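Below is one structure, written out as structure tokens; the observations come after it.
The values are calculated or read from the model by the stated rules, or taken from the named source; none is laboratory data. Since we're looking at a predicted model, the values are computed, not measured. Positions of Cβ are generated from backbone atoms using ideal geometry, with glycine treated the same way; all protein chains shown enter the neighbour counts. Calculation scope for accessible area: heavy atoms of the full protein, side chains included, ligands and nucleic acids excluded. Shrake-Rupley method; radii C 1.70, N 1.55, O 1.52, S 1.80 Å.
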Amino acid sequence: MPDRTPPGRTAVALEDPALDPVPLTQRLVRYDTTNPPGDEAACVGFVERLAAEAGLETRVIAADPRRPNLIVRLPGRGEAPPLLLHAHVDVVPAEGQRWTHPPFDGALRDGHVWGRGSLDMKGGLAMMLTAMLRLRAAGTPPAGDVLLAVVPDEEAGSAVGAGHLVREHPGLFAGVRNAVGEDGGADLDLGGAVRPHPVVVAEKRACWLRVTLRGQGGHSSRTAPPGSAVRQLTRLLRAIEPGGLEPVVTPAVDRMLRELSAVLGEPLAGAFARLRTDPGDEEALAALPDADAQYLRSVLRHSVNATVIEGGTAPNVLPEEITVTLDGRALPGGFGAAGFVEELSARTGTELSAEVLVEGEAMPGPEFGAFYDDLVAVLRAADPDGVPVPMMTTASTDARLFRSLGIACYGWLPLLLPAGGGYRGLLHRPDERVPAEALRFGAACFTDLLRGRR
Ligand SMILES: [Zn+2]
């Protein structure tokens, strides 16, 4: 496996890696771990050497030698259950995008670390690892063991990453009750009125379907018959026109709306309060910044978008078959692919023939226990002006896999970002970057969490 780090940057030694997550993030970004194909071995090997040199226990577990997982263990005092931190090192492609600084240079410019993965989520890995290295260097073991799972392949299904660990090595996580991973980009701008700190307590469940519509073809100079594939397509698209199924308020979103309503001024406070009782209130949504309204619509319903539509051979021929790929995202609570098919069949008046392409793990509702309170307390102490907010991410992360082991999972990557800066919106986009100070803030939060954990 060739090390794809640029020449001259291969040495493990860093300027004070135990104290500063910024050069560590830069180093991690310089490994091109674009997935596909991933090729995460060099990047994971770098983290392993760094952890091992600091005296942390490491174990490599690989389903594919080019794409290993790494477990780093910081032994605790045995007074609390082990805590799991998990971070993926693969990134989405940067090809074809216009970048101000090349995506794999890891440049530090204008107070920011630039590059693919700086936010999603090599910066997060750097924050977690820095905290573990600091506790190790200080000789202050945490209450319980801290396990850091460094995994490949999160951006493309996790089969050789967290999926492999959970399926083949569940014993690694024996006794773990809580886990912390990425926040999946969950964010609210709130017009810059406050600085929210997302604590992700719930994720949506991916349900990807391919629906095949079949019906009578013929000359398209005449109106297509009601049973034709094109008329069925029209009905299907009309059925999903609002972007999903009936609006509904789930417990995670209800608590988010309630807490935001309590700290915000008008008109935002009133809008959030109204959405708690009427999640379909478009007037309330209109009072919010566009991106916030779009986010809220997505967490207030099982959403569904038509993403690939195929069929037809000529402008004047009615196709006999049309396939429609639907990206459905179910709210927590057990609703899944079968529910989407049933609901859309009822709405279109047709028994839809659908193939399930992907159905993610069913996600349970949120857990607001003592550990959640710890995450909030760390944020409040670190940023008294910020507002910790429980949130749901519309995406899914490796939390869905660790959750299947009965572990309560939280998306928590504390970043001190300027209010209304929209940084989390840079995930998967060109010019992904993170303020260096935001990384230092996050590393300090993780250090506090590990030190003070009950
Ligand atoms: Zn990610």
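Assorted remarks:
- In segment 296-370, the GluC sites (Glu not before Pro) that fall in loop regions by DSSP, at most 13 other Cβ within 10 Å: 351
- Solvent-accessible area, 1.4 Å probe, carbon plus sulfur percent, for segment 304-454: 48 percent
- Rg then Dmax, both in Å and based on the Cα atoms of the chain: 23.4, 81.
- Mean accessible surface per residue for segment 284-370, computed with a 1.4 Å probe while every protein chain stays in place, in Å²: 48 Å²
- At full extension, residue 97 and residue 156 could sit 19.3 nm farther apart than now, given 0.36 nm per residue minus the alpha carbon distance.
- MRE, 222 nm, helices only [DSSP H, n ≥ 4, -39500 (n - 2.57), over the chain, to nearest 500]: -9500 deg cm²/dmol
- Spin-label model distance (nm) - residue 419 vs residue 277, 7 Å beyond Cα toward Cβ: 2.8 nm
- Simple label model, 7 Å out from Cα along Cβ direction - residue 58 to residue 168, nm: 2.0 nm
- Projected area averaged over orientations for segment 221-369, convex hull of C-alpha atoms, nm²: 11.2 nm²
- Potential lengthening of the chain between residue 405 and residue 221 amounts to 60.5 nm, from the contour at 0.36 nm per residue minus the alpha-carbon distance.
- Using the Cβ-Cβ distance between residue 241 and residue 377 with R0 set to 51 Å, the FRET efficiency from 1/(1 + (r/R0)^6) comes to roughly 0.70.
- Once the chain from residue 294 to residue 269 is taken as fully extended at 0.36 nm per residue, the excess over their C-alpha distance is 7.3 nm.
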